[in-house]
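Chemist: I have a structure I would like to understand better, so I am pasting it below and will then ask my questions one at a time.
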Amino acid sequence: MERRASPGLLGALRIDLERLHATWMELVFPRQLDPGRVVGKWSPETDLQKAAYYLWTALGIPLVAVGYPLLLVGFGARFYASRVNTAVARVGILGVVAVSLLVWGSLTAAAWVSQFSFRGFVAVAVASLVATVCAALAVIFSRLGGRLTSVVFAYPAGMTAFFLPPVVAALYSPALAGVVFSNSQTIAIWLLENVLTVGGIDQFLRSRFQLRGVAYVLMWFAIAVPLGWLLGVTVALADVIRPTSE
C-alpha cells in the first residue's frame with residue numbers, strides 16, 4: 001500500500017484554509033465540505049444562486065482570515081484535550097474525583113495550616129468541593145450527548161473547576177491576593193477596554209460593580225464559561241477541518 005506524500009507546511013495551510021472556507025460555505029449551501037467522489041460538490045445554477053453563492057464566498061474570506069488563528073488554537077487545545085481524555089479513560093470518573101479532592105483538598109488543608117479564619121476555611125473548602133463536582137461533570141458531559149454537549153457543558157465545567165478555588169483562597173490569603181487580584185485587575189481592564197465596549201457593556205459594569213471581594217469570584221466564573229465555550233468550539237472546528245484520523 002502506497003503512502004500519501006506529506007503536503008508540507010504550506011500545503012497543510014492551504015488545505016486547512018480551503019476546508020475552513022468550505023465549512024463556512026456549507027452553513028448556507030449543501031455539499032461544500034468533503035462532498036465525496038460520488039455526489040460531488042454542489043454548484044449554483046441560476047443567476048440568483050450564483051449571486052448569492054459568490055457573495056457568501058466573498059464574505060467568508062475575511063472571516064477565514066480571522067478564524068484561522070482560532071483554528072490553530074483548536075489544534076493545540078485538541079492535543080492536550082486528547083491527553084486529558086486518555087488519562088481520564090484510565091482512571092475513570094472516580095479517579096478524577098480522587099485527584100481533584102487530593103489537589104483542592106491540599107489547598108483546603110493549606111488554608112487551615114495558614115490559620116485562615118473559620119469563614120475563610122469554609123469558603124475554600126466549599127470552593128474545592130464545587131471544583132471537584134465541576135471536574136466530575138466535565139467528564140460526564142464529555143462522554144454523553146456528543147460534541148454539542150461537550151462544547152456547551154463539559155468545557156465550561158472544566159474551566160470552572162480550574163479557576164474557582166485559587167480565586168476564593170485569594171480572598172483570605174494576602175500572599176495569593178497579591179498575585180491573583182493584581183493579575184485579575186489587569187485582565188479586567190483589558191476586557192473592559194477591548195472586548196466589552198460593544199453596546200456600552202463596559203460602562204454598565206463600571207457603574208454597577210466594583211472589583212473587590214466576591215466580585216473577583218464572579219468575574220472568573222464569567223470568564224470560565226465563555227472561555228470554555230471558545231475552547232470547545234475551536235476543538236470542534238479542528239475536528240471538522242482536520243479529523244484526527246488524518
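Quick note: the coordinates plus some simple rules give every number you see, no bench work behind them. Fair warning: this is a prediction, and the values are worked out from it, not measured in the lab. Neighbour counts are summed over all protein chains in view; Cβ atoms, including those assigned to glycine, are modelled from backbone coordinates with ideal geometry.
Chemist: Once the Cα atoms of helix 118-143 and of the chain are each reduced to a long axis, what angle between those two axes, in degrees from 0 to 90 to the nearest 10, is obtained?
Modeler: The angle comes out at about 20 degrees.
Chemist: Could you tell me which label, among [x] 7, 31, 37, 21, 4, 0; [y] 7, 27, 31, 22, 10, 3, 0, 0; [z] 7, 22, 26, 23, 13, 7, 2, 0, carries the value of P(r) over Cα pairs in 10 Å bins from 0, in percent calculated for this structure?
Modeler: [z]
Chemist: Between the helical axis of 214-241 and the dominant principal axis of the chain, each derived from Cα atoms, what acute angle in degrees is found, rounded to the nearest 10?
Modeler: Tilt of helix 214-241: around 30 degrees.
Chemist: I'd like to know which of Gly200, Ala110, Ser43 lies farthest towards the positive end of the charge dipole of the chain, counting +1 on Cβ of Lys and Arg and -1 on Cβ of Asp and Glu.
Modeler: Ala110
Chemist: Further, regarding this structure: Report D for segment 131-246 in µm² per second (integer): Stokes-Einstein, Kirkwood Rh on Cα pairs, 37 °C, 0.692 mPa s. Write out the running numbers ahead of the final one.
Modeler: Details: Rh = 15.7 Å.
Diffusion coefficient, whole number: 209 µm²/s.
Chemist: Could I ask something else about it? Suppose a student asked you for the relative contact order of the chain, using Cα pairs under 8 Å spaced at least 6 residues apart; what percent would you report? Present the calculation step by step, with values, prior to reporting the outcome.
Modeler: Values: 208 pairs, mean separation 53.5, N = 246.
It rounds to 22 percent for the chain.
Chemist: With springs connecting C-alpha atoms under 10 Å apart, model the chain as a Gaussian network and identify which of Ala22, Ala161, Ala125 has the largest mean-square fluctuation.
Modeler: Fluctuation is largest for Ala22.
Chemist: Still on this structure, I have one more. What size of dipole, in debye to the nearest 20, comes out for segment 10-241 about its Cα centre when the only charges are +1 on Lys and Arg C-beta atoms and -1 on Asp and Glu C-beta atoms?
Modeler: On the way: 15 positive and 9 negative charges, 86 e Å.
Its charge dipole is roughly 420 debye.
Chemist: I've got another one for you. Using a 10 Å cut-off on Cβ atoms, rank the peptides 54-63, 172-181 from the highest mean neighbour count down. Present the calculation step by step, with values, prior to reporting the outcome.
Modeler: Details: 54-63: 12.2, 172-181: 15.2.
Top of the packing list down: 172-181, 54-63.
Chemist: Moving on to the next point. Would you mind telling me which residue in Ala154, Ala236, Ala222 has the biggest mean-square fluctuation in a Gaussian network model of the chain, where springs connect alpha carbons within a distance under 10 angstrom?
Modeler: Ala222
Chemist: Follow-up. Picking from Val96, Tyr54, Ile241, whose Cα lies most toward the positive end of the charge dipole for segment 10-241 (charges on Cβ: Lys, Arg +1; Asp, Glu -1)?
Modeler: So the residue furthest toward the plus end is Val96.
Chemist: Put +1 on the Cβ of every Lys and Arg and -1 on every Asp and Glu Cβ in the chain; which of Cys134, Ala224, Val180 then has its Cα farthest towards the positive end of the dipole?
Modeler: Final value for the positive-end residue is Cys134.
Chemist: Build a GNM of the chain with springs between Cα atoms under 10 Å: which of Gly76, Gly120, Gly11 gets the top mean-square fluctuation?
Modeler: The residue with the greatest mean-square fluctuation here is Gly11.
Chemist: Further question: In degrees from 0 to 90, rounded to the nearest 10, what is the angle of the helix 8-26 Cα long axis to the longest principal axis of the chain?
Modeler: It works out to around 90 degrees.
Chemist: Which of Leu10, Leu231 has the fewest other C-beta atoms within 10 Å, and how do the rest follow up to the most?
Modeler: Leu10, Leu231
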